[in-house]
1. When you go through GLU71, GLU22 one by one, which is the residue that is open to solvent by 70 Å² or more (accessible area, probe 1.4 Å), within 16 Å of the chain's Cα centre (by Cα) and without any contact (Cβ under 8 Å) to a residue 60 or more places away in the chain?
2. Residues of segment 25-45 being polar (S, T, N, Q) and open to solvent by 100 Å² or more (accessible area, probe 1.4 Å), which ones?
3. GLU78 - would you say it is in contact with a Ser or Thr (Cβ under 9 Å, 6 or more places away or on another chain) and either charged (D, E, K, R) or free of Cβ contacts under 8 Å to residues at least 24 places away in the same chain (or both)?
4. What is the residue count in segment 74-84 for residues that are assigned to a helix (DSSP H, G or I) and more than 16 Å from the chain's Cα centre (by Cα)?
5. If you take the residues of segment 46-65 that are in a helix (DSSP H, G or I) and exposed (fewer than 10 other Cβ atoms within 10 Å of the Cβ), which of them is nearest to the chain's Cα centre (by Cα)?
Amino acid sequence: MVFRILMRYLANNEQLINRMAESYPMRRAAQIVVSLMYKAKDIAYETKLHEMSPERFKSFMNLFKSNVKQEIEGVKEELKKKKF
């Protein structure tokens with residue numbers, strides 16, 4: 001109950017939201033999401049996903065998921081190095 005009240009307060013605090021939006025981690029996360037979106041769009045265009053068989057599409061998606069995980073881990077390591 002207290003947690004919900006606290007979360008509601010934080011979510012409705014416009015000043016806090018603006019400060020978080022201007023922070024480096026949030027901007028970096030947004031950059032990564034946009035970068036991944038454009039990479040996915042380019043890959044989809046190059047590989048003609050709409051013409052793929054279901055099995056090939058599944059293997060493609062598994063490869064894409066692993067690449068996303070690697071990128072996220074790389075960013076985590078980069079952030080850890082910047083802290084120290």
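1. Answer to the check: GLU71.
2. Residue satisfying the conditions is GLN31 alone.
3. No.
4. Result for segment 74-84: 4.
5. Within segment 46-65, the subset in a helix (DSSP H, G or I) is 46-47, 49-51, 54-65.
Right, trim to exposed (fewer than 10 other Cβ atoms within 10 Å of the Cβ) and you get 46, 50-51, 54-55.
Working: GLU46: 22, HIS50: 24, GLU51: 27, PRO54: 25, GLU55: 26 Å.
In this case the residue turns out to be GLU46.
The values are calculated or read from the model by the stated rules, or taken from the named source; none is laboratory data. Since the model is a prediction, treat every value here as computed from it, not as a measurement. Reconstructed Cβ throughout: ideal geometry from the backbone, glycine too, with neighbour counts over all protein chains shown. Quick note on the areas: whole protein, heavy atoms, side chains included, nothing else; ligands and nucleic acids left out. Shrake-Rupley method; radii C 1.70, N 1.55, O 1.52, S 1.80 Å.
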